[in-house]
Structures are given as structure tokens and as C-alpha cells.
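What follows is a set of notes on a single structure, which appears directly below.
The values are calculated or read from the model by the stated rules, or taken from the named source; none is laboratory data. This structure is a prediction, so every number in the text was calculated from the model and none was measured. When we count neighbours, we look across all protein chains shown, and the Cβ atoms used for this are built from the backbone with ideal geometry, even at glycine. SASA here: full protein model, heavy atoms, side chains in, ligands and nucleic acids out. Shrake-Rupley method; radii C 1.70, N 1.55, O 1.52, S 1.80 Å.
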Amino acid sequence: MPSSLLTTTPDAPIARKAAISRDDLLAATLKIIGPHRSLSTVSLREVAREAGIAPNSFYRQFRDMNELSIALIDLAGSSLRTIIGQARERATSTERSVIRVSVETFMEQLRADDKLLHVLLREGAVGSDAFKHAVERELTYFEDELRVDLIRLAAASGATLYEPALVARAITRLVFAMGAIAIDQPPERDPELIEQISQMLRMIITGSHALNRVGST
């Protein structure tokens, strides 16, 4: 995400910028929030100060903080989908476990400096109704893309999944629920969580294969 945030000392006056982009404001907001602070608690003045602009300049890019927050949720979802989608492609090409690589990538993003995954996990749990709806929309996109990949991978191995859309939903919701737990735990526990989550996901997929065989007999 492009950003040209100013660095100032606590006592130095803030040099205001003549122009600001949407990406600058999103980057400024990400610098303010932590793993436990909801977007609903961030003020326009805080964002303007972090971005180095006058508060009125904010309105050149966003109508209000709600619009900025939803744009940030959308950015978090699309960025994460791209990263995990690329990881699944790499796993297929290197014959590594698609499940394992996807979970590892998810956990890497949980610890990433950009905090984008934190936005989805936090706002989906404690955000306003509008923010929760935006997160739900992003999760649905995850499920749709995962469903397509699951069908493709099953077909490549000569298998068929039972209710692939439901499998994709179960996987997505489980991973995000476990991510919400992991965010409060030390990174040293990540390998253990990665193994647990990977086993859970294999159980879901194995169960889907079994249900499909039962249904076809």
C-alpha cells in the first residue's frame, strides 16, 4: 500500500501535506489501530494527524470515517484473498499440501506488520453492524473462491466433494475463528496451531469425500 507518512518528534509541529490519496489515509488508519482497537473508535482527527493533513482535506477522499473503514475492510479482504490464492497455486505446483500452505500463509498474515488480517478478525467480532456486514461480504468472497479451488483439486485426484460450497464455508469459518484465538497468543504457539488447524481442515475434507461416497451408493 503506498504511503508517505511524515515522521515527527512529539514536540515538533506537524507539516501538513498539500495533497493526500485514499491509500495514504488507509495507511494512516492502519498505523493507529492495534490488534484490539476497533475502527469505530478511531476519529477523523486522529487519521488526519497521522496522515499529516488538515481535517478538512480528509473529505476529498472519503465522506466520513464509516466510508474509510469499509474501504479498509474491503482492502483487507481482497489483499488476503490474493495472497492465499497465490499460496494455493504455489502449493499445487510444488505438490505440497494445499491445506498446510494455506494455513501457514494465513498465520504469516496474522503476524504481518500491515495488520490487514487484524481488521477482518476484529471488525467481524466487535465492529458496528455496517462493519460486520462488510466483513461477512469478504468472507463470502473467500468461500466462493475456495469452493472453486476445492472442486478443481478434487477432480484432479478423481474424487468428488459432498456439498463443496458448505465445505468451503466450514473451512473459512473455522480458519477465521482460530485466527481470532491465535491473535491473542504468542507467535511461539503458531506451529502448534498450524498443525491443529491443518488437521481440522483435513478432517472436514475427508468427511466430505466420505459423505459423497455414502450418497452415491
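Just a few scattered comments:
- Within the range 200-217, the set of residues being surrounded by 13 or more Cβ atoms within 10 Å (Cβ to Cβ) and either not hydrophobic (A, V, I, L, M, F, W, C) or not in a helix (DSSP H, G or I) (or both) comprises ARG202, GLY207, SER208, HIS209, ASN212.
- Cβ-Cβ distances below 8 Å connect the following pairs, each with a first residue in the range 175-194 that is over 16 Å from ARG100 (Cα atoms), a second residue that is exposed (fewer than 15 other Cβ atoms within 10 Å of the Cβ) and at pLDDT 95 or above, and a separation of six or more residues or different chains: ALA182/ARG189.
- Residue ID - farthest from the chain's Cα centre (by Cα), chosen from residues in the range 40-91 that are closer than 29 Å to SER102 by Cα and among the hydroxyl-bearing types (Ser, Thr, Tyr): SER69
- Filtered residue count, the range 154-191, keeping only those that are assigned to a helix (DSSP H, G or I) and either of a type in the set (Phe, Trp, Tyr) or open to solvent by less than 50 Å² (accessible area, probe 1.4 Å) (or both): 15
- Pairs linking a residue in the range 31-45 that is within 16 Å of LYS115 (Cα to Cα) and at pLDDT below 90 to a residue that is among the small types (Gly, Ala, Ser) and buried (at least 16 other Cβ atoms within 10 Å of the Cβ), with Cβ atoms under 7 Å and 6 or more positions apart or on different chains, are SER38/GLY127.
- Residue within the range 52-68 that is open to solvent by 30 Å² or more (accessible area, probe 1.4 Å), within 18 Å of GLU138 (Cα to Cα) and modelled with pLDDT of 95 or more present: yes
- Residue satisfying all of: in the range 109-149; more than 18 Å from THR29 (Cα to Cα) and modelled with pLDDT under 90; least open to solvent (accessible area, probe 1.4 Å) among these: ASP149
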